[in-house]
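Working notes for the structure below.
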Amino acid sequence: MNALTRFQTQRLRPALATELFPTNDLFAHFFRPTADVAPEIKLEVSEDEKAYAVAATIPGVRKEDIHVSVEGGSVTIEAEVKQESKEENARVLHSERFYGKTSRSFSVAQDIDEGAVEAKYADGVLRLVLPKKAVTSGRKITIS
């Protein structure tokens with residue numbers, strides 16, 4: 001007598017299930033980023049009563065190629081990784097490095113005093129001190 005039983009791929013090793021049923025893995029890597037996608041600038045933002053402190057990880061970039069702009073409570077960090085010149089006869093066999101521009105923008109709750117911003121870059125980490133603008137309280141207007 002012939003009995004039909006359902007074959008369950010979940011019980012197989014994932015590699016074996018993919019080999020036996022390749023359509024199971026059809027879209028598994030469809031949305032995986034490609035190698036030439038710009039690396040994301042990783043941020044850590046903290047605050048105290050006087051200022052915001054930002055640590056941005058930007059490895060492999062010269063400080064001359066980093067640009068920071070501040071407008072109100074919005075901060076934009078832009079960086080460019082330039083390809084190093086290689087010898088004339090040398091050829092690249094394999095590369096996973098990114099060359100090009102990347103940027104990151106974020107907003108803070110309070111406006112920043114653009115004239116007092118401090119920036120330092122060392123060991124692949126950009127450190128910003130973003131002083132808060134003094135909060136002006138509303139004033140009472142006398143009607144004459």
Selection from the range 55-77 of residues touching a Phe, Trp or Tyr at 6+ places or on another chain (Cβ under 9 Å) and more than 22 Å from F98 (Cβ to Cβ) yields S74, V75
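Output the residues belonging to the range 102-143 that are in a loop (DSSP other than H, G, I, E, B), under 25 Å from E80 (Cβ atoms) and not acidic (D, E).
If we filter the range 102-143 for residues that are in a loop (DSSP other than H, G, I, E, B), which is where we start, we get 108-111, 113, 117, 123-124, 133-143.
So of that shortlist, the ones also under 25 Å from E80 (Cβ atoms) come out as 108, 117, 123-124.
The answer is V108, V117, G124.
Looking at the range 104-118 only, could you name the residues that are within 16 Å of S46 (Cβ to Cβ) and either small (G, A, S) or more than 23 Å from the chain's Cα centre (by Cα) (or both)? Don't jump to the end; show me each part of the working.
The first filter runs over the range 104-118 and keeps only residues within 16 Å of S46 (Cβ to Cβ), leaving 106-110, 112, 117-118.
S107, A109, listed by residue number.
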State whether the residues of the range 73-92 include one that is exposed (fewer than 14 other Cβ atoms within 10 Å of the Cβ), at pLDDT 90 or above, in contact with a Ser or Thr (Cβ under 9 Å, 6 or more places away or on another chain) and small (G, A, S).
yes
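For the range 80-101, which positions are in a loop (DSSP other than H, G, I, E, B) and among the small types (G, A, S)?
Here is the first cut: in the range 80-101, the residues in a loop (DSSP other than H, G, I, E, B) are 82-99.
Within the range 80-101, S85, A90, S95 qualify.
The values are calculated or read from the model by the stated rules, or taken from the named source; none is laboratory data. Predicted, not measured: the structure shown is a model, and the values here were computed from it. Neighbour counts run over all protein chains shown; Cβ positions are idealised from the backbone, glycine included.
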